[in-house]
Amino acid sequence: RLNPRLTPGGVFNRDVDKWLRALGGKRFDQLEEWLSHALDVRRAICALNLYGSMGTGKGMLAAGLAECFENETCNDGRALGKFNVGLLDSPIVNCDEGVPKITSDEALTVDQAFRSMVTGGRVTIRAMHRDPFSASIYPRILFTSNDRDIIRSIVGHRDLTQDDIEAIELRLLSIPVNDDAHALLTGHGNYTHTRGWVAGS
């Protein structure tokens, strides 16, 4: 559920808006469009891949989205693995610096898990010491990294057909973050400027 502390429609913050515009750069309209659908978790949307320089606020964006939901926390990339019970607490999955390695005893390979989770709907939830069960969930997956080629991280060492790779690419919106966001945050004092935007540091 959405965080009951938040007011529908929110409050316009000029500093946050300026940062988001700097983050998206020439692709801001696409970033804005993705964000406009991110909180309506009754249906699927593509995953978001933000890649580029450190210090631009990629992780801050993921943390801010997570705070829009009741539990206020992100899942990490391990939610793509076998034990994904954290999805019941938050639909936000932030894969920082690619996808963690999934061991051979996992239910699905990373690319299969990625496609299944982006599609959403009936997701099999697994927790330790509990029988698996099905839940209706449409997760929001974000990749925040310095590396452009997230496809390689998703595919791993498997040889996929071109159709398989295209099926992954269709489920992924890749936006290079603009260095202007780093300059803006640094120029205004970094954490001093952004204190209070999201919880924690």
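The values are calculated or read from the model by the stated rules, or taken from the named source; none is laboratory data. None of the values given here were measured: they were computed from a predicted structure. Quick reminder, even Gly has a Cβ in these numbers, built from the backbone with ideal geometry, and neighbours come from all protein chains shown. Ligands, DNA and RNA are stripped out before the accessible areas are found, and what is left, the full protein with its side chains, is counted by its heavy atoms. Shrake-Rupley method; radii C 1.70, N 1.55, O 1.52, S 1.80 Å.
For the stretch 1-89, state which GluC sites (Glu not before Pro) are in a DSSP loop and have at most 15 other beta carbons lying within 10 Å of their beta carbon. Intermediate results must be reported in sequence, preceding the final value.
Details: sites: Glu32, Glu33, Glu67, Glu70, Glu72; in loops: Glu67, Glu70, Glu72.
Those that pass, being in a loop and sparsely packed, are Glu70.
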Order the following by accessible area, largest value first: Leu160, Leu142, Leu108. Probe radius 1.4 Å; ligands, DNA and RNA are ignored.
-> Leu108, Leu160, Leu142
Cα shape, the stretch 1-153, gyration tensor, a/c 1.5 rule | oblate
Based on the alpha-carbon gyration tensor of the stretch 119-201 and its eigenvalue square roots a ≥ b ≥ c, which shape applies: rounded if a/c is under 1.5, prolate if not and a/b is larger than b/c, or oblate?
-> oblate
Could you compute the FRET efficiency for Lys18 and Met54, with r as their C-beta to C-beta distance and R0 at 22 Å, rounded to 0.05?
-> 0.65
Listed by chain and number, the aspartates and glutamates with an alpha carbon less than 19 angstrom from that of Lys101, same-chain partners under 8 positions apart left out, are Asp76, Asp111, Asp147, Asp149, Asp159
Quick one: Karplus J couplings for the stretch 90-99, per residue in order, coefficients 6.51, -1.76, 1.60, θ = phi - 60°, nearest Hz, x for Gly and Pro?
-> 8, x, 8, 10, 10, 8, 7, 6, x, 9
For the pair Tyr191 and Asp179, how long in nm is the line joining their label points, each one 7 Å along Cα→Cβ?
-> 2.5 nm
May I ask for the distance between the Cα centers of the stretch 112-170 and the stretch 37-109, given as a whole number of Å?
-> 10 Å
With the label point 7 Å along the Cα-to-beta-carbon line of Thr73 and a cut-off under 16 Å to each amide N, the hits in the stretch 113-136 are 127-128
Chymotrypsin sites (Phe, Trp or Tyr not before Pro) restricted to DSSP loop in the stretch 106-201 with at most 13 other C-beta within 10 Å | none
Of the accessible area of the chain, with the probe set at 1.4 angstrom, what percent is carbon plus sulfur?
-> 50 percent
Express in Å², to the nearest 10, the accessible area of Ser153 obtained by rolling a 1.4 Å probe over the protein heavy atoms while all chains stay in place.
-> 40 Å²
Computed label-point distance, nm, for sites Asp159 and Asp89 using a 7 Å Cα→Cβ extension | 4.2 nm
Would you mind putting 167-180, 118-131, 74-87 in packing order, based on average other-beta-carbon counts within 10 Å, highest first?
-> 74-87, 167-180, 118-131
